[in-house]
Every structure is written in structure tokens, then in C-alpha cells.
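Following: one structure in C-alpha cells, then a few remarks.
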Amino acid sequence: MGWDLDFITEEEFKNHVRATIMKYGEKLESYDLKRFNSNLVDPIKLIFDKSVYRTSWEEIVNNEIFRQRDKSSNNDIGYFHQNIFSYFKGCEVPQAGWDVIYRNPEGIKMPDGDVVHTIYVEMKNKHNTMNSASSAKTYIKMQGQILEDDDCACFLVEAIAKKSQNIKWATKVDGKNVQHRLIRRVSMDQFYAVLTGDNESFYKMCMALPGAIHSVVNEEGSVAVPDDTVIDELRKVAGLYSGQTEELSMAMAVYMLGFNTYMGFGDRIQQKLGLDNNGILKWIYEYAKRFQ
């Protein structure tokens, strides 16, 4: 099957996918118990979730690891969405100021009939990521740009919009409803269409993406496969609670991540091992490692 994207070569696209995956960086590092609990896991929530969703300990722990990794990966996907435009003709991805600037000396026709020669872009991953203060600040920035340059438009481009759209952006500034025909709210597919003249260019990119990711991920040595040890380490800690059911022993191991200095929780391990409050969690991490 031939390459179907006119705005970027197949090699450039793979390089961009590779650069995005490399941005995942430390999130691809393996999780041990210490890293898993670095921001203090909520033991009560973990136990509720396990029971309510009827999952195993292994599943709920893996889900929590995924949640922690996913929490910081949105910026990496933002890198993908923004920096791909450096390959589009007429596009610039500045280091500061705007996310993307598009210039076309032949003119860019707006839906309302205006013709401009530059578009300044603020980009968001998802339509609901801006609060009212952030929306007002962004709108004022765009308003200022249009006052400075009357031959431009400003777009708020959303990768995940509520629907495909290229509309006037209506919002509130200082409690007043505001809108301007050259300040627009645009879904990603419509922005691709403005840049390429092809209504299906974003669709075509999405169709090429899975194959490119698969190719890069399977390159020898390109992506480390995490070897998470959290569940095995928790089972090691659970072994300290002999005489309890397996379920309660695992619950106690989870409780000790957050409640090791709480009354009743740390006391028993303190008495058994002669530890003070400050040494319990460090000892647990070191003890859990001994399974390896």
C-alpha cells in the first residue's frame, strides 16, 4: 500500500513518531514498590476499587501503575500533535509565544469569507482542559494579536473536540460574552484541512499512525519493555502477616504503604522487628526487594 500523506514523507512521519515515543522517557522505566508509592498510594481506594470492580490484586496494581504513567503522558501526546506541524508547508512551531504559526502568501480563506495570510494557533489536547480564567487569558492574547496585525486569524485548535468544527469562539471575558469572526475554535481535522486543502488529511494521518508506531516500537533496542515488580514485592510483604487469609494479608501489605506510621498498623511490625516509625517504610522497600 502506497504512502498517502502529501504533507510529510513516510520517513519523516516515523521519525516524528519515534521522537514522541522517546518523550515517554522515564515513564517506560520499571516500577518497583518504592516508585509505585512515591506519591503515596491511597490504600482505601485501592481496596475499594479491587472489590467493586471484581479484579485481582495483580490487575488493580497494574491499573494503578498504568494510571500513574498515564497521568504524565498527555504532554508527550501534545508534543506529537504540535510538532508534526513543523513538517507542513508554511508552518512554524515557535519555541515560545504560539504553538503553531501558519503563513500562506496566497491567502487563507475563512468560513465567513475573510482572507488572511497568517494564522496564530493555541493548541489544546482536549476541549475541556481550560477553565474560565485560562479561556479569558487566551482570548485576550488572540484579541491583542488581531489588533496588532489585521491580516491574521487566531485559532484555538483542539485535538479532541466535541465535534468537527471551525466556528467563531464564543467565550466570556470579565463576565461579558465575546466573539470575533477571526478568533475561531477549530477541531484538529478542520485545521489539517485548512493547511492541506484535503478534508481527509487528518483521517489519513490517523490511518498511517498505528503502523508507524508498531514499526518504531518493534525496532531492536528502540523502546525498553518495563519489568514491573510491584505485585511480587507486595506479596513478599504480605508474607509477614502469617495466619491471615491471603486477601487480608495483601490488604495489610497495601495498608502499610500509606499507613505504616498510623496507630495499630506500624505497631505490630515495630514490635516484631524492633523498628522505629521512621524506619518502617524503608525496611519494607528493602525487604520486598529480597524476592528477586
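The values are calculated or read from the model by the stated rules, or taken from the named source; none is laboratory data. All of these numbers come straight from a predicted model, not from anything done at the bench. As a convention, Cβ positions derive from the backbone with ideal geometry for all residues, glycine included, and neighbour counts pool all protein chains shown. All accessible areas refer to the heavy atoms of the entire protein, side chains included, with ligands and DNA or RNA removed. Shrake-Rupley method; radii C 1.70, N 1.55, O 1.52, S 1.80 Å.
Looking at this structure, is residue 173 within 26 Å of the chain's Cα centre (by Cα) and of a type in the set (Val, Ile, Thr)? Criteria not met by residue 173. Across segment 26-61, the qualifying residues are those that are among the acidic types (Asp, Glu) and surrounded by 12 or more Cβ atoms within 10 Å (Cβ to Cβ), and the one among them that is farthest from residue 250 (Cα to Cα) is 29.
Return the residues of segment 161-177 that are out of contact with any strand residue (DSSP E or B) (no Cβ under 9 Å at 6 or more places or on another chain) and either assigned to a loop (DSSP other than H, G, I, E, B) or in contact (Cβ under 8 Å) with a residue 40 or more places away in the chain (or both); say none if nothing qualifies. Matches in segment 161-177: 174, 175.
Can you name the residue in segment 87-107 that is part of a strand (DSSP E or B) and of a type outside the set (D, E, K, R) and, of all such residues, is farthest from residue 142 (Cα to Cα)?
Checked segment 87-107; the qualifying residue farthest from residue 142 (Cα to Cα) is 105.
A single entry from 113, 144, 90 fulfils the requirement of being over 30 Å from residue 32 (Cα atoms) and either touching a strand residue (DSSP E or B) at 6+ places or on another chain (Cβ under 9 Å) or open to solvent by less than 30 Å² (accessible area, probe 1.4 Å) (or both): 90. The residue pairs whose first member lies in segment 8-29 and is more than 15 Å from residue 81 (Cβ to Cβ) and assigned to a helix (DSSP H, G or I), whose second member is at pLDDT 95 or above and open to solvent by 50 Å² or more (accessible area, probe 1.4 Å), and whose beta carbons are closer than 6 Å, counting only pairs six or more residues apart or on different chains, are 12/87. A count restricted to segment 39-79 and to residues that are over 15 Å from residue 256 (Cβ atoms) and either more than 19 Å from the chain's Cα centre (by Cα) or not in a helix (DSSP H, G or I) (or both) stands at 16. No other residue among 129, 20 is of a type in the set (Val, Ile, Thr) and touching an Asp or Glu at 6+ places or on another chain (Cβ under 8 Å) apart from 20. Cβ separations smaller than 8 Å between residues 6+ apart or across chains give the following pairs from segment 46-60 residues that are under 21 Å from residue 227 (Cα atoms) to residues that are among the hydroxyl-bearing types (Ser, Thr, Tyr): 60/53.
When 158, 122 are checked against the criterion of being in contact with a helix residue (DSSP H, G or I) (Cβ under 6 Å, 6 or more places away or on another chain), surrounded by 16 or more Cβ atoms within 10 Å (Cβ to Cβ) and among the charged types (D, E, K, R), a single residue qualifies: 122. If you go through segment 190-208 and keep only what is under 15 Å from residue 111 (Cα atoms) and not hydroxyl-bearing (Ser, Thr, Tyr), you end up with 190, 191, 193, 194, 195, 197, 199.
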